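The values are calculated or read from the model by the stated rules, or taken from the named source; none is laboratory data. Nothing here was measured: the structure is a model prediction, and the numbers come from that model. Counting neighbours? That spans all protein chains shown, and the Cβs are built from the backbone with ideal geometry, glycine included.
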């Protein structure tokens, strides 16, 4: 992975970073005045007992400290703001890109893994993204300026100070590689921990654990994962610590060597005491940014593991994408004529196609029922109509327009789906309904609920439409959730309606009330129903029987019963 790609994250903020760099350079130059002021105090003001000069030199020292502190505050504010904006950009880019992924991606990826990438991986970059650029600029500028000042004071003493650089760089690179490997392990372990939390503490996960008696094993799994994280964090913090400690010892020994060199008979008197003190002060000022640069390089290299995981998600191809040249439509003018032409589709990694050579014509305002045994391809066709997947071959058109040529916003305005797995957000009933159409008024929400035959129940609740539905809608029964989902779809008023086995999990009485809501929902729309119970599709204009992804029969209920084929056997 190229560092250039990481650098491009900061490109939109080149001007703020240029200002920060200017401030850093100015701060470094101003800060260099302190050792020279100190030398003047020791070599001139004190020996000459020049109080006026001493006062001005002291005022200069205080002014230098004040100016560099003010520069530091401004620099921190700008750099932190830029860093947080880069973090925000990464988070939103990953979230937005994942929203564009097909359903296939989410079926093969653990939810906790996705959450870990967005939260833990990007969160782990925060210190690097926020402070790295300015830390490098600050330390590098300070180091260069200090080195120049040291050479001006004494080039011979400077040579002694710079002997430490080669081993320092070598040790730093070794430590960085060690920490990068550990960081990669840490993030994988954090992802596993997130998966355990997601699976073990979701409402469905808790119900499963309680009914299967697996609570203790989940706790053990979580405990083991958390313990491994402790070990990895210790290894990360201690990785190369002895190597870096040896550098600290070397840095501390250099001033002592310089004092020794200055006191040898050969060099005695070559430098003044003020120059010697000023030089060692500068030397300390040099080692501090050098250490900062080395530590920053360790952080950057170890964080490459985090960037690699994030860029891996950003580089995922979008299998079902917005059209490059969308057809402009007015959803209100769409009649809802649906046509399947030689449609085939195979799931990634599947041994055989889910559907093959499907040809169907569903006139606007008519009803089509898809029946067949489990695995016959009914739900696959529903997914293709909603463009959760694209056909491997052939086309699906509405009013003559290929679905692949429609914007997603237009497609979702035209096609509405109510499935067996009703998903409700953990918020109020009102907000769950408004999710379908954010601009809907309270009156429109209540009208949709009445049409779905759920208004009276909602109104009877203590908080009415402001009742919290609970996680995944567990506050309501299956039939009640279905009718809320129907009301939500009614608010969008789609011309094509897909009902994917939406009553198969309901008891007969609940199914009857939900079916009435479906009948109200289907009026004036093209309706494609995936049927589990054939009694619900007897009155469909067309009934199509699927078997192993192919159409084996088609007709009305009466004609199919009379032909005594597959449908008749299913209805028996």
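Hey, can you tell me all the residues within the range 9-37 that are outside any helix (DSSP H, G or I) and more than 19 Å from residue 66 (Cα to Cα)? 9, 10, listed by residue number. The residue that is surrounded by the fewest Cβ atoms within 10 Å (Cβ to Cβ), counting only those in the range 362-400 that are out of contact with any helix residue (DSSP H, G or I) (no Cβ under 8 Å at 6 or more places or on another chain) and part of a strand (DSSP E or B), is 393. Does residue 323 satisfy being farther than 30 Å from residue 467 by Cα and not assigned by TED's automatic domain parsing to the domain that holds residue 554? It is true that residue 323 is farther than 30 Å from residue 467 by Cα and not assigned by TED's automatic domain parsing to the domain that holds residue 554.
The residues of the range 48-72 that are at pLDDT below 85, exposed (fewer than 13 other Cβ atoms within 10 Å of the Cβ) and either under 52 Å from the mean Cα position of the chain (by Cα) or not in a helix (DSSP H, G or I) (or both) amount to a single one, 49. Criterion first (surrounded by fewer than 14 Cβ atoms within 10 Å (Cβ to Cβ) and assigned by TED's automatic domain parsing to the domain that holds residue 274) does residue 16 satisfy it? Here the answer is no, as residue 16 does not meet what is asked.
Every residue, every condition in (1) outside the structural domain of residue 553 (by TED's automatic domain parsing); (2) without any contact (Cβ under 8 Å) to a residue 40 or more places away in the chain; (3) under 29 Å from the mean Cα position of the chain (by Cα); (4) closer than 30 Å to residue 481 by Cα, yes or no:
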| residue | (1), (2), (3), (4) |
| --- | --- |
| 357 | no, no, no, no |
| 380 | no, no, yes, yes |
| 411 | no, yes, yes, yes |
| 419 | no, no, yes, yes |
| 423 | no, no, yes, yes |
| 427 | no, no, yes, yes |
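Of all residues assigned to the range 74-81, at least one qualifies as being more than 30 Å from residue 314 (Cα to Cα), in a helix (DSSP H, G or I) and not assigned by TED's automatic domain parsing to the domain that holds residue 384.
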